[in-house]
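Undergrad: I am attaching a structure below and will ask some questions about it afterwards.
The values are calculated or read from the model by the stated rules, or taken from the named source; none is laboratory data. As the structure is a prediction and not an experimental result, all values here were calculated from the model. Cβ coordinates were reconstructed from backbone atoms using ideal geometry, including for glycine residues, and neighbour counts include every protein chain displayed.
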Amino acid sequence: MHTLEIKDLTVTIDGKEILSHFSLTIKSGEIHAIMGPNGTGKSTLTKVIMGNDSYHIESGEIRYDGEDIRKLSVSERANLGIFLGMQSPIAIEGVSNADFLRTIVSTKEKENFKLFPFIKELDKTIEQLNMDPDMIHRDVNQGFSGGERKKSEILQMYLLKPDMVLLDEIDSGLDVDSLKIVGENVTAYQKQSKCGVLLITHYRRLLEYIKPKFVHIMMNGRIVQSGGMELVDYIEKNGYEKIEKKQVGIGTCIVKEIARHE
Amino acid sequence: MNKIKVVEETVESKLSKKISFTVKEAKSELEISELTIQIVKDSDLELDFSCTSKKWKINVEVLSDVHSQFYVYQKAENSKIQYNLKIHSNASLQLFKFQMNANKEMMEVRLLGEGASIDYFLKDIAFDKETMDYYIFHDAPRTSSNIKNNVVTTQKGRAVLQVSTFIPKGMKECIANQTNRIINNNEMKNEIRPNLYIEEYDVTANHSALIGRFREEELFYLESRGIDEQQASRLLLEGFLLSDVTNKKMRKEILKSTKKEWR
């Protein structure tokens, strides 16, 4: 059982507040989805959890299994079992997927790394994700379509076997078929590994494949409302504006905080 | 693979009939040795200048309709080499060059006939001052040049890279690309001078220049996969120097050098 705990986190960049007293706890086996308007700090949240030092933590805590991870480097956090599937994965010129994947998996598994089982698992996962087997010889994300980049993130997730998965808009740039494949594969991995998942998304479609138990609405750097899938229905019908303007009580949703603009 | 190895003033070779060469030895200290290579049929050639610190002038001529690949190694300290490359109509030359240490070189490329093209890829680890001065002349219409220089500086290394492309009036439908990048791993001053002297309207020309370090988001991406900063930087460096190079020997040589310098 693993727990990622974010407590009262306030984060700035160049003096501008992006996250404001943000709190959230994710446990193994739980799927959380965060939705919210653009520029509200959703992506920043995932980057700060992962340790991106472009942001400054003003106050608050990030704990993984009780340990304060704020001082840990990005790679140390990854090696604890936290994985971030990025919105815009970077292309790396001159480094083939084969070399890259072998490097990251062998770094994680150290002396337990064995080439043959690695290749076997790689081939199987590439097929499962309906990816072009030749991608393995191409440079990391170089010339990849939006869909290929996102599938490549999920491939890395499968190979690294993380316990806590953060997926930042993993559905953006995906066509209907790829969305289904990505969604079903994330769910399959979650069921098999019992990992905790934090999904950042704008769309309901992804949540039809990866069903979250908890849905949070984020505005102005904090969660303003938490609930279940009924909250997604409400947002689809009414947009975020109404939530910002008035407190709504829908079904079983628990109103945590209302945006300060109210 | 055809091979020419230059050891100080002498030339050792292992060549097929597709390539002919002549050598003019320097008679005095002030004189420059000269190697003239003619590519008669489609072929590849490895040119090794890693064992000479003498001044050399290399003349290469690729005849019409001939396609050739060159793999050049230049790892001696303080080498001074001048290249004159002549490419005739519908001929192409792909030149991959891996160089290290400190070099001073001048290269003149003449695209002499319609359809002539050059693809030039420089992979350079500068340990001391490197000066590269390249001139590319589009002497015929529909010629193409693609010049891609990737330089990494380390220790006392710094680079001055001047690339000048000339397309005179009347040389229609030429394509000229220049990509010049210097990744500096030290605090030394580097320079890129990209020049495009174009007198014709009907051409496609691009250039990009970068002096700096790898981007934070590139390192963040790699580190988020569990590899530390040092390993992530080395991976980016290797990728920077290996990109476009498919030749196994050259890839091996580059990796050997990066592993030695960035353990």
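Undergrad: Quick check on this structure: which one of B:Ala102, B:Ala126 is touching a Ser or Thr at 6+ places or on another chain (Cβ under 6 Å) and outside the structural domain of B:Leu235 (by TED's automatic domain parsing)?
TA: After ruling out the rest, the residue left standing is B:Ala126.
Undergrad: Residue by residue through segment A:106-123, note down the ones that are of a type in the set (Phe, Trp, Tyr) and touching a Phe, Trp or Tyr at 6+ places or on another chain (Cβ under 8 Å).
TA: Within segment A:106-123, none qualify.
Undergrad: Report the residue count in segment A:164-204 for those that are closer than 28 Å to A:Thr107 by Cα, under 14 Å from the mean Cα position of the chain (by Cα) and assigned to a loop (DSSP other than H, G, I, E, B).
TA: Within segment A:164-204, residues that are closer than 28 Å to A:Thr107 by Cα, under 14 Å from the mean Cα position of the chain (by Cα) and assigned to a loop (DSSP other than H, G, I, E, B) number 3.
Undergrad: Checking the condition out of contact with any helix residue (DSSP H, G or I) (no Cβ under 9 Å at 6 or more places or on another chain) and closer than 25 Å to B:Phe240 by Cα, which residue from A:Gly143, A:Gly85, A:Gly94 passes? Quick ask: steps written out before the conclusion?
TA: Working: A:Gly85 fails: out of contact with any helix residue (DSSP H, G or I) (no Cβ under 9 Å at 6 or more places or on another chain); A:Gly94 fails: out of contact with any helix residue (DSSP H, G or I) (no Cβ under 9 Å at 6 or more places or on another chain).
That would be A:Gly143, the only listed residue that is out of contact with any helix residue (DSSP H, G or I) (no Cβ under 9 Å at 6 or more places or on another chain) and closer than 25 Å to B:Phe240 by Cα.
Undergrad: Output the residue which, of all residues in segment A:51-91 that are in a strand (DSSP E or B) and among the small types (Gly, Ala, Ser), is nearest to the other protein chains (Cβ to nearest Cβ). Let's see the steps before the verdict.
TA: Step one: list which residues in segment A:51-91 are in a strand (DSSP E or B), which gives A:56-64, A:67-68, A:82-85.
If we keep only those that are among the small types (Gly, Ala, Ser) as well, we get A:59-60, A:85.
Numbers: A:Ser59: 23, A:Gly60: 21, A:Gly85: 10 Å.
Among those that are in a strand (DSSP E or B) and among the small types (Gly, Ala, Ser), it is A:Gly85.
Undergrad: Turning to a different aspect of this structure: Just checking, which of B:Arg263, B:Arg181 is among the basic types (Lys, Arg), assigned by TED's automatic domain parsing to the domain that holds B:Tyr135 and out of contact with any Asp or Glu (no Cβ under 9 Å at 6 or more places or on another chain)? Don't jump to the end; show me each part of the working.
TA: Working: B:Arg263 fails: assigned by TED's automatic domain parsing to the domain that holds B:Tyr135.
Result of the check over B:Arg263, B:Arg181: B:Arg181.
Undergrad: A follow-up question, please. Out of all the residues in segment A:55-104, which are on the phi > 0 side of the Ramachandran plot and more than 17 Å from the chain's Cα centre (by Cα)?
TA: A:Gly60, A:Asp65, A:Gly66, A:Gly94 - these are the residues of segment A:55-104 that are on the phi > 0 side of the Ramachandran plot and more than 17 Å from the chain's Cα centre (by Cα).
Conditions tested, residue by residue: (1) assigned to a helix (DSSP H, G or I); (2) over 23 Å from B:Glu223 (Cβ atoms); (3) modelled with pLDDT of 95 or more; (4) within 11 Å of chain B (Cβ to nearest Cβ).
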position: A:Glu109; (1), (2), (3), (4): yes, no, no, yes
position: A:Phe116; (1), (2), (3), (4): yes, yes, no, no
position: A:Asn130; (1), (2), (3), (4): no, yes, no, no
position: A:Ile136; (1), (2), (3), (4): yes, no, no, no
position: A:Gly147; (1), (2), (3), (4): yes, yes, no, no
position: A:Lys150; (1), (2), (3), (4): yes, no, no, no
position: A:Pro162; (1), (2), (3), (4): no, no, yes, yes
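Undergrad: Tell me the residue from B:Arg181, B:Arg251, B:Arg193 that is in a strand (DSSP E or B), within 14 Å of chain A (Cβ to nearest Cβ) and under 18 Å from the mean Cα position of the chain (by Cα), please.
TA: Working: B:Arg251 fails: in a strand (DSSP E or B); B:Arg193 fails: within 14 Å of chain A (Cβ to nearest Cβ).
Step by step, each of B:Arg181, B:Arg251, B:Arg193 is checked, and only B:Arg181 is in a strand (DSSP E or B), within 14 Å of chain A (Cβ to nearest Cβ) and under 18 Å from the mean Cα position of the chain (by Cα).
Each row is one residue, and each column tells you yes or no for (1) out of contact with any strand residue (DSSP E or B) (no Cβ under 9 Å at 6 or more places or on another chain); (2) outside any strand (DSSP E or B); (3) β-branched (Val, Ile, Thr).
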residue: B:Lys27; (1), (2), (3): yes, yes, no
residue: B:Glu31; (1), (2), (3): no, yes, no
residue: B:Glu34; (1), (2), (3): no, no, no
residue: B:Ile37; (1), (2), (3): no, no, yes
residue: B:Leu45; (1), (2), (3): no, no, no
residue: B:Asp48; (1), (2), (3): no, no, no
residue: B:Trp56; (1), (2), (3): no, no, no
residue: B:Gln69; (1), (2), (3): no, no, no
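Undergrad: Could you check how many residues of segment B:235-244 are surrounded by fewer than 19 Cβ atoms within 10 Å (Cβ to Cβ) and either at negative phi or assigned by TED's automatic domain parsing to the domain that holds B:Phe121 (or both)?
TA: Qualifying residue count, segment B:235-244: 1.
Undergrad: Still on this structure: Which one of these does B:Ser233 not meet: (1) within 11 Å of chain A (Cβ to nearest Cβ); (2) among the hydroxyl-bearing types (Ser, Thr, Tyr); (3) under 30 Å from A:Asp163 (Cβ atoms)?
TA: (1)
Undergrad: For segment B:89-150, please list each of the strands (runs of 3 or more DSSP E) lying entirely inside it that holds at least 2 residues being of a type in the set (Phe, Trp, Tyr), in contact (Cβ under 8 Å) with a residue 24 or more places away in the chain and touching a strand residue (DSSP E or B) at 6+ places or on another chain (Cβ under 6 Å). First the steps, then the outcome.
TA: On the way: elements: B:92-101, B:103-111, B:117-126, B:129-138.
In segment B:89-150, B:92-101, B:117-126, B:129-138 are the strands (runs of 3 or more DSSP E) which contain 2 or more residues that are of a type in the set (Phe, Trp, Tyr), in contact (Cβ under 8 Å) with a residue 24 or more places away in the chain and touching a strand residue (DSSP E or B) at 6+ places or on another chain (Cβ under 6 Å).
Undergrad: Given the residues B:Glu229, B:Glu199, B:Glu261, B:Glu216, which is the only one that is at pLDDT 95 or above and more than 27 Å from B:Lys3 (Cα to Cα)? Reasoning before the result, please.
TA: On the way: B:Glu229 fails: at pLDDT 95 or above; B:Glu261 fails: at pLDDT 95 or above; B:Glu216 fails: at pLDDT 95 or above.
Unique residue meeting the criteria: B:Glu199.
Undergrad: Is it the case, given these coordinates, that A:His32 is touching a Lys or Arg at 6+ places or on another chain (Cβ under 7 Å) and touching a residue at least 24 places away in the same chain (Cβ under 8 Å)? Working first, answer last.
TA: Values: touching a Lys or Arg at 6+ places or on another chain (Cβ under 7 Å): no; touching a residue at least 24 places away in the same chain (Cβ under 8 Å): yes.
When the stated conditions are applied, A:His32 does not pass them.
Undergrad: If you go through segment A:78-99 one residue at a time, do you hit one that is exposed (fewer than 15 other Cβ atoms within 10 Å of the Cβ) and among the polar types (S, T, N, Q)?
TA: no
Undergrad: For the structure I just gave you, tell me whether A:Gln128 is surrounded by 14 or more Cβ atoms within 10 Å (Cβ to Cβ) and either closer than 27 Å to A:Asn52 by Cα or within 15 Å of the chain's Cα centre (by Cα) (or both).
TA: no
Undergrad: Scan segment B:214-222 and give yes if some residue there is surrounded by 20 or more Cβ atoms within 10 Å (Cβ to Cβ) and more than 10 Å from every other protein chain (Cβ to nearest Cβ), otherwise no.
TA: Scanning segment B:214-222, I find no residue that is surrounded by 20 or more Cβ atoms within 10 Å (Cβ to Cβ) and more than 10 Å from every other protein chain (Cβ to nearest Cβ), so the answer is no.
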